[in-house]
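The structure appears right after this line, and notes come after that.
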Amino acid sequence: MRKQEKEIPVFVFMGFLEGGKTQFCRETLVDRNFTEGEPTLLLVTEEGVEEYDEEELRKRNVSIVYLEEEELNTDKLLDLQDKYKPNQVMIEYNGMWQLEKLFNIRVPKGWTIVQVITLIDATTFTVYNNNMKSLMAEHIQSADMIVFNRITDDSDINTMRMAVKTLNRRAQLVFENVNGQAQVDDGEIEIPYDLEADVIEIEDDDYGIFYIDASDNTDKYVDKIVKFKGQVYCPPQYKGKAFVPGRFAMTCCAEDITFLGFKCVSLEAPNLKDKDWVTVTAKVKCEFYKEFDGDGPVLYAQKIEKAEQPDEEVVYF
């Protein structure tokens, strides 16, 4: 009978092939002496150009095991636990495997995933994001920390920041340059409209940026006047006193289209119909409402005009 008496923290490193996972793991285990000599089990599920120095890892009390996809199961993990008796586990996860396999597996009792780190090569991010958007989205959505490495002067930081904030606002974002210097990101999305204008006009293509920035940095918009085109949604709980103008947005795939909008208080609400297109001019306030689980932007309409449907109904991130 197997017995597990202690909790074993599990650290997961995700990302596509050549995304920098092995280098990051190696630096964490060796250069930063993360394990502090405690018995550690490193599970590697793909082999790239970068390799581990197994002799050096043994000096650090790290045991390395390479696994095929079919070996990633409960019985195998139990056997490895019995054999190596680790105090902690690190998993370098194959970027092409479905993440639900890892998160749905019944790990040995006591194993607890405490941190998921996604490594992304900034030089190939656009290619992967354009061609494997749903898989890239999984890597971002599941992460506690996201590290963009190989950053150069030509890297589009704002696009990377947008990609993360759209899918996962809780994740810590780190940018690491080609020299290995890393910096935790505390920057805001660069916005393409003038926040100091008397009326802030939001173009159709910029609605997604407006929604994210206003949600994350509501104070910047309080008492500002905004103008944008949106589709009408009339939630029954507002009882004709307010509506939600917004846009449908696709973050990763056609199955992941979500309506993004803010509550808008207006005397015109009873006259509006779901799916109508309108141009809204409104003052922004910050108030509590349950859709935000706290304080968030609430619009107070000054003018509502009928509008033509835009050329592209869906906003893409």
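Across the options ILE64, PRO86, ILE146, the greatest Cα extent toward the positive end of the charge dipole of the chain (unit charges at beta carbon of Lys, Arg, Asp, Glu) belongs to PRO86. Electrostatic bookkeeping for ASN94 treats Lys and Arg as +1 and Asp and Glu as -1; over the other residues with beta carbon under 11 Å from its beta carbon, the sum is -3. For the stretch 125-202, taking the reciprocal of the average inverse distance between every pair of different Cα atoms yields a Kirkwood hydrodynamic radius of 13.9 Å. Counting only Cβ charges, +1 for Lys and Arg and -1 for Asp and Glu, the dipole size of the chain around its Cα centre is about 1520 debye.
Ellipticity at 222 nm from helices only: DSSP H runs of n ≥ 4 in the chain, each -39500 (n - 2.57), divided by the residue count, give -5500 deg cm²/dmol. Once divided by 2.2 N^0.38 Å, the Cα radius of gyration of the stretch 211-317 becomes 1.03. For the chain, a Kirkwood radius taken over Cα pairs fed into Stokes-Einstein (37 °C, viscosity 0.692 mPa s) yields D = 148 µm²/s. Note on the chain: with neighbouring protein chains present and a 1.4 Å probe, carbon and sulfur make up 44 percent of its accessible heavy-atom surface. Once the trypsin sites (Lys or Arg not before Pro) in DSSP loops with at most 14 neighbouring Cβ atoms within 10 Å are cut out of the chain, the longest remaining piece is 33-105. Note on the stretch 105-179: with charges restricted to the Cβ of Lys and Arg (+1) and Asp and Glu (-1), its dipole about the Cα centre is near 480 debye.
Counting charges near TYR211 (Lys, Arg +1; Asp, Glu -1) among other residues having Cβ under 11 Å from its Cβ returns a value of -1. Ordered from longest to shortest, the equivalent ellipsoid semi-axes for the stretch 1-145 are 25, 18, 13 Å, each the square root of 5 times a Cα gyration tensor eigenvalue.
In summary, the stretch 66-221 shows an alpha-carbon radius of gyration equal to 1.30 times the 2.2 N^0.38 Å reference for compact globular proteins.
Note that the chain presents 53 Å² accessible area per residue, ligands and nucleic acids not counted, probe 1.4 Å. Averaging the Cα positions of each part gives two centres, and for the stretch 124-192 and the stretch 248-317 these lie 27 Å apart.
The values are calculated or read from the model by the stated rules, or taken from the named source; none is laboratory data. Note that the coordinates shown come from a computational prediction; the quantities given were computed from them, not determined experimentally. With ideal geometry, Cβ positions are generated from the backbone for all residues, glycine too; neighbour counts draw on all protein chains shown. Remember, those area values only see protein heavy atoms, side chains included, never the ligands or the DNA or RNA. Shrake-Rupley method; radii C 1.70, N 1.55, O 1.52, S 1.80 Å.
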